[in-house]
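Worksheet for the structure shown next.
The values are calculated or read from the model by the stated rules, or taken from the named source; none is laboratory data. Since we're looking at a predicted model, the values are computed, not measured. Positions of Cβ are backbone-derived with ideal geometry, glycine not excepted, and every protein chain shown enters the neighbour counts. The accessibility values were calculated without ligands, DNA or RNA, using every heavy atom of the protein model including side chains. Shrake-Rupley method; radii C 1.70, N 1.55, O 1.52, S 1.80 Å.
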Amino acid sequence: MGQINNKSKDFTRKGIEFEGKLVGYVDMTAIEKDTVELGIAIGESDLWGKGIGTKALLHTIENVSRSLGITTFQAETQEENVRSRGMLKKLGFKEIQSVVIENHIGTNDRIIQYELTLSGGV
């Protein structure tokens, strides 16, 4: 079995394989000129914290930087998602904004937006 590869003009999803098994995906959306927004998910919680997401994002950043000339990467995560925030910081993303979003059950979530700007490659 291969990987998921769903592509449209402004959205691409690539599957993440680990030990021969599909375990998650990396999304690229809002692709414009030199900027892209990244999203990532690893499905099984027992795989969290093993560096799989970090490696997948780094691989994605290197590839789209080289192939598409992307130099600015954006991402966001919920404030309480400590692992995701740590992963983004480890890759060099900087916090640029924090916003409160009302969710579907009437409570508020704080979303932190991050950005990574490359200057001379990854």
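Quick notes on this one:
- Within the accessible area of the stretch 18-112, the carbon and sulfur atoms contribute 49%, probe 1.4 Å, all protein chains present.
- Shape call, the stretch 38-122: gyration tensor on alpha carbons, a/c limit 1.5: oblate
- Ranking by accessible area, most exposed first, for ILE52, ILE31 with a 1.4 Å probe: ILE31, ILE52
- Model label zone, THR72; criterion: amide N under 13 Å from point 7 Å along Cα-to-beta-carbon; scope the stretch 10-36: 31-36
- Computed E for GLU17/SER98 - FRET, C-beta separation, R0 35 angstrom, nearest 0.05: 0.55
- Accessible surface, the chain, averaged per residue in Å² (probe 1.4 Å): 65 Å²
- Spin-label pair THR54/ALA41, simplified geometry with 7 Å Cα→Cβ offset, distance in nm: 2.4 nm
- Theoretical FRET efficiency, 1/(1+(r/R0)^6), r = Cβ-Cβ of ASN63 and ASP109, R0 35 Å, to 0.05: 0.70
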